[in-house]
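The values are calculated or read from the model by the stated rules, or taken from the named source; none is laboratory data. Note that the structure is a prediction, hence the values are computed from the model and not measured. Virtual Cβ from ideal backbone geometry, glycine too; neighbours counted across all protein chains shown. Side chains included, ligands, DNA and RNA excluded: accessible areas come from the protein's heavy atoms. Shrake-Rupley method; radii C 1.70, N 1.55, O 1.52, S 1.80 Å.
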Amino acid sequence: MSSYFNYKNNQLVAENIALSDIAGEFATPCYVYSRAALTDGFHQFSNALQGREHLICFAVKSNPNLAILNVFARLGAGFDIVSGGELQRVLAAGGDASKVVFSGVGKTEAEMRQALDAGILCFNVESAAELDRLNAVAGSMGKIAAISLRVNPDVDAKTHPYISTGLKQNKFGVAYTEAVALYRKAAGLPHLRITGMDCHIGSQLTETSPFIAAIEKILVLVDQLALEGIELEHLDLGGGLGICYNDETPPAIADYIAALLGALQGRTQKLILEPGRVLVGNAGVLLTRVEYIKPGEEKNFAIVDAAMNDLMRPALYDAYHGILPVVREDYAAETFDVVGPICETGDFIGRARELAIAPGSLLAVMSAGAYGMSMSSNYNTRPRAAEVMVDGSTVHLVRMRETVQQLFANEKIIA
Ligand code: LLP
């Protein structure tokens, strides 16, 4: 458990605020973030990187709430975006366009124009066709686009297959064996300027060895390019550092950075990283209330007011999230499947959890700050949850709960 969510007198608190007070004020389901946890994570990166030219680009997709982006922007972060929408969010949150890297395999012409207009730091290009498109778009605007090629190093990140991205069979990046030829091609395109190389091999990695293997492979390419007179200004090693959801033992941020820097010894390029989960995952919880207890022949169900539309990770990846009572009470503990009200068997938050709860009890779904709200949907016409940020003894509503009216505001009945 992150040290920013703790029990005090049998009450789970976020920093100095009891989660039961937040549920009382803002209702459930509700995401709660700790500003101190966000700040602490960012400082762990910047401290470990002291003395090394670097830029920490928060992966917006992991949690794009404007308040979260703003906290990181004020700490000096850059941002890793994957859409024009994310760019607009970064700018609306006070982020600096000149610290933005743009990843993703499917950038549209409109998104390229938008990013060139804003003046982003670098396009992380993922294919030959994208090089041509970007060259044409930049040319039509009389601009030069800074580029990095996302190289697929073909290493096994040893993580869930849906979030493993650095293998040959994945759609991401340019093939390792074609990378040098593509750099030569890019060097010949008049509206591009080569500035870096990037790779991102997957998410929720709990060991450093795959990162090191990837670095070793891409450094071979960096050297080959240098021999051809193509000098890179930065290396972007992506995100991917895992967190503890249950019993995983990922390296601490400082140890991960130390390992990266070890593998980069003697290299002078600016280091860019794109962490998402490790900065926000354990900085947020999802608050939910038990609606019903439903004893079954084989299992007991705790039916709660949060569902797979609010937190999709258990349904999609069979992901584990800790589930804790917000108030420790004296009920007899029993084993429950904690499920939502959605009409799908996959709608579960956790299975076989030992909990001392009754109808009306509040639960905190832990480690929900990354890829929680950002992957939520309106399935079953469920308005998305409220989001709250705790800052010491202050609570801020950072996203209002949606209304059903908003959900169908863009729809229209035909004659
Ligand atoms: N950079 C790139 C190019 C990425 O594709 C990603 C994540 C990141 C950085 C940030 O990775 P992180 O540090 O958060 O591991 N929805 C999944 C995770 C998908 C990750 C996609 N790419 C989940 O809930 O586990």
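Selection over the range 136-170 of residues that are at pLDDT below 80 and either within 12 Å of the ligand (Cβ to nearest atom) or assigned to a helix (DSSP H, G or I) (or both) gives a count of 10. Only one of the numbered conditions (1) of a type in the set (Ser, Thr, Tyr); (2) open to solvent by 30 Å² or more (accessible area, probe 1.4 Å); (3) outside the structural domain of Ala254 (by TED's automatic domain parsing) is not met by Ser62, and that is (2). On inspection, Asp247 fails the criterion of being in contact (Cβ under 8 Å) with a residue 60 or more places away in the chain and either within 11 Å of the ligand (Cβ to nearest atom) or of a type in the set (D, E, K, R) (or both). Taken over the range 269-307, the criterion of being touching an Asp or Glu at 6+ places or on another chain (Cβ under 8 Å) and open to solvent by 40 Å² or more (accessible area, probe 1.4 Å) is satisfied by Lys270, Arg289, Glu291, Lys299, Phe301.
Does the range 129-146 contain any residue that is surrounded by 14 or more Cβ atoms within 10 Å (Cβ to Cβ) and within 27 Å of Leu75 (Cβ to Cβ)? For the range 129-146, residues surrounded by 14 or more Cβ atoms within 10 Å (Cβ to Cβ) and within 27 Å of Leu75 (Cβ to Cβ): present. Residues in the range 104-129 that are in a helix (DSSP H, G or I) and within 14 Å of the ligand (Cβ to nearest atom): 0 in all. Considering Leu316, Leu324, Leu397, the condition of being within 16 Å of the ligand (Cβ to nearest atom), of a type outside the set (Ser, Thr, Tyr), open to solvent by 10 Å² or more (accessible area, probe 1.4 Å) and not in a loop (DSSP other than H, G, I, E, B) is satisfied by Leu316 alone. Scanning the range 376-394 for residues that are buried (at least 16 other Cβ atoms within 10 Å of the Cβ) and within 16 Å of the ligand (Cβ to nearest atom) yields one hit, Ser376. Scanning the range 341-367 for residues that are touching a helix residue (DSSP H, G or I) at 6+ places or on another chain (Cβ under 6 Å) and among the polar types (S, T, N, Q) gives a single hit, Ser367. His200 fulfils the conditions (1) part of a loop (DSSP other than H, G, I, E, B); (2) under 25 Å from Ala179 (Cβ atoms); (3) touching a Cys at 6+ places or on another chain (Cβ under 8 Å) except for a single criterion, (3). Screening the candidates His43, His54 for the property of being touching a residue at least 40 places away in the same chain (Cβ under 8 Å), open to solvent by 50 Å² or more (accessible area, probe 1.4 Å), outside the structural domain of Met312 (by TED's automatic domain parsing) and of a type outside the set (Val, Ile, Thr) yields one hit, His54.
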